[in-house]
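The values are calculated or read from the model by the stated rules, or taken from the named source; none is laboratory data. In this text, all values refer to a predicted model and were calculated from it rather than measured experimentally. Backbone-built Cβ (ideal geometry, glycine too); neighbour counts: all protein chains shown. Surface accessibility is based on the protein's heavy atoms, side chains included, excluding ligands, DNA and RNA. Shrake-Rupley method; radii C 1.70, N 1.55, O 1.52, S 1.80 Å.
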Amino acid sequence: MSQIQTSQLIEGMFLYKDVFINSTILFKAGTLVTSAIIDELNELGIESVVIDNKRPILKYEGLHNRSTTDARGFALSEEFSQHFSLIASELRYGRALNAENTYQWIKSLYIYLLSDPTVAQLIRDLKQWNIYTFNHSLDVFVLGALLAKISNMKNVETFALGCLLHDIGKMYTPRTILDKKGKLTEHEYGIIKDHPVDGANMLEKLGFPQTVVKLARSHHERLDKSGYPYHASASELDKDIRIIMIIDVYSALTLKRAYRKPVPATQALEIILKDSDKQYDVNQCYDLINLLRLYPQMTEVILSDGRQGTITYDNGSSEMLPIVKLKDKNKIIQLPRNLSTTITSVVGWKKSLVKEKGKQNWYDFIFSLINNTKMETLRLFDILSDSKRVEDIYIDIIEKAMNEIQHAVDKKQILKADQLVAMYSLLHLLDFKMVDFIGTIRQKNAVIVANIEGLNNRLPLRMVNDLMEINGMKTMYLGEVNQLEDIIQLMKAKKLHTLALSLTKEESILPMKQHINMFIKFDPHIRILVHGEKSKYLRETYSNLNNVVLTEDIPEFICVLNNNTLFNNKDQYKKTGSSSRHP
């Protein structure tokens, strides 16, 4: 062993002693050092650690002819049972594990895979790095192995190993992002999206089979090329990838995560089915439903007596014993508890109900804004914003609602007073949700955000202010400002050189030009953002000025944020710890 400076750490080393912070273990002895661990140690100001310089380099040895001691086997058995009990639920697994021999087979497979010391090391370190990712990986392993077995897949053990290690690349994702309680920003999501390549590179260098490497690299690909990291087409995605991409989504939706409550199993399956015509292999979706025997509404099924029908529910029906509307004569039956009649297989799904439900949720959301029913607004907002990035929420929900309500006013379908109520409803909603949206990356730069157009412009400028804060900028939101001299005095006192204004009214165009010229005269190095639909009328005037940035809508403003045009510093968000990666 030897004590070295944190700055001298190299990926692939092992910690010899526990690393503490404030009397709490940060990393345990025996932990494999990664670039993310090095970054975290540096950020926390830990200057030195003790490493094990006699431990051999980690290398996967393969599972053939491997064995484990009775004591080690018992410890792994207890470990599996303990962790599986935290994720196992009939509401998630349905009838997939009803047979005792199935559970024992899964447990034996887990022990078999972890008999390799490299696999055991990676799983132990993943659990220490992020418990949510570990639980999810264990869940994907169980579901993947079960589905591979009933699908008569060759090399089930290798596929199951790939499922267990599919998210190992998240050991390179900062824990501040993995543990974030709220929704991810686009920048944070971009860092998350590195994990498939990080994991695949790590596993390949450690000598794992190509199937395992492939599953780590490609489990976020989609059949319509919308996935990542390589936007692979359907013809490039083998059956094992098509299976794991569905299991990965189902597990992520139905397990408790740092940022969301678990989604009910049938609702999660409904979400997957909704995209099965584009992103997922519908036959693999049906295989998962048939494994679980949990049936989403509007799935078309064949019963054990040969009759066909469609799943429906009422308030008293069970997801495992649903009501079936028979195809012939529209007769409705409740599946009996004695299982004399069961569902043999799923053969189709009627998508129309989900589409109608989505439209109704949007209509109800707009109605709740106009009527200022806060709890209903929050409930519907959570439904509509599910799985969206923070920036997309502002585009697809907040700005869209604002525009639709304005359109209704223009068409005289609602009153101007209704619009004012809706605007304040949206402002209250943003106040309540802002704590969930704030990003994990902070900048030192500060922006003055000033509304010089009056009350009607409060919401658009508030959206700009929030998105800057969410993306790490420090803002000084002044609200309504009557005296421009107040802004200048603040810029002098705080030594600030960046200002955000809004332009939504035609009558404000000429005064805005005068204001901009005044600010530039005061500070030639100032950078001014003017946001709003009327900003387009300033483009000709300021086309040659780099320090005036014009955005007409939120998508254009987000492009400015992503390019960091406002501060003209494109390296601000560059990911750290990217050199010498992987052991």
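For segment 148-212, the spherically averaged projection of the C-alpha convex hull amounts to 5.6 nm². Straight-line cross-link partners of residue 350 among the lysines, defined as a Cα under 21 Å from its Cα and at least 8 positions apart when in the same chain: 274, 278, 325, 327, 329, 331, 359.
A Förster radius of 25 Å, combined with the Cβ-Cβ distance separating residue 525 from residue 483, puts the computed FRET efficiency at roughly 0.65.
Counting only protein chain heavy atoms and rolling a 1.4 Å probe, the accessible areas of 307, 379 rank, largest first, as 379, 307. By definition, a body whose alpha carbon gyration tensor gives a ≥ b ≥ c is prolate when a/c is 1.5 or more and a/b is larger than b/c, and segment 1-69 fits this prolate description.
Counting only protein heavy atoms and a probe of 1.4 Å, the accessible surface of the chain is 50% carbon and sulfur.
In terms of its alpha-carbon gyration tensor, segment 130-289 comes out rounded; the largest-to-smallest axis ratio a/c stays below the 1.5 threshold.
In the chain, a dipole from Cβ-located charges (positive for Lys and Arg, negative for Asp and Glu) runs towards its positive end, and of 227, 140, 484 it is 140 whose Cα lies farthest in that direction. Helix 265-274 and the long axis of the chain differ in direction by around 70°, with both axes built from C-alpha atoms. The solvent-accessible area of residue 411, taken with every protein chain present and a 1.4 Å probe, is close to 120 Å².
Look at where the Cα atoms of segment 486-507 and of segment 183-224 average out, and the two centres are 43 Å apart. May I ask for the distance between the Cα centers of segment 241-268 and segment 543-559, given as a whole number of Å? Between the Cα centre of segment 241-268 and that of segment 543-559, the gap is 38 Å. DSSP beta bridges confined to the chain are antiparallel in about 60 percent of cases. Please determine, in degrees from 0 to 90 and to the nearest 10, the orientation of helix 70-87 with respect to the longest principal axis defined by the Cα atoms of the chain, where the helix direction is its Cα long axis. Roughly 50 degrees between the two axes. With Cα atoms defining each centre, segment 347-418 and segment 27-77 are spaced 49 Å apart in the structure.
Axis angle, to the nearest 10 degrees, between helix 509-522 and the longest C-alpha principal axis of the chain: 90 degrees. Surface exposure of the chain, expressed per residue as accessible area with a 1.4 Å probe, stands at 47 Å². Relative contact order for segment 492-539: 55 percent, from Cα pairs under 8 Å spaced at least 6 residues apart, divided by residue count. Remark: the residue 540-residue 552 segment gains 2.9 nm on full extension, using 0.36 nm per residue and subtracting the alpha carbon distance.
The dipole here belongs to segment 222-273: it is taken about the Cα centre, uses +1 on the Cβ of Lys and Arg and -1 on the Cβ of Asp and Glu, and is about 320 debye. Our helix-only sum for the chain, with -39,500 (n - 2.57) per DSSP H run of n ≥ 4 divided by its residues, gives a mean residue ellipticity at 222 nm of -14500 deg cm²/dmol.
Considering only 349, 465, 197, and ranking their Cα positions along the charge dipole of the chain that arises from unit charges at the beta-carbon of Lys, Arg, Asp and Glu, the one farthest toward the positive end is 349.
Based on Cα contacts under 8 Å between residues 6+ apart, the chain shows a relative contact order of 11 percent. Averaging the sequence gap over all C-alpha pairs within less than 8 Å and six or more residues apart, then dividing by the number of residues, gives segment 92-209 a relative contact order of 22 percent. Classified by the C-alpha gyration tensor, segment 42-136 has an oblate form. Its axis ratio a/c, with a ≥ b ≥ c, is 1.5 or above, and a/b does not exceed b/c.
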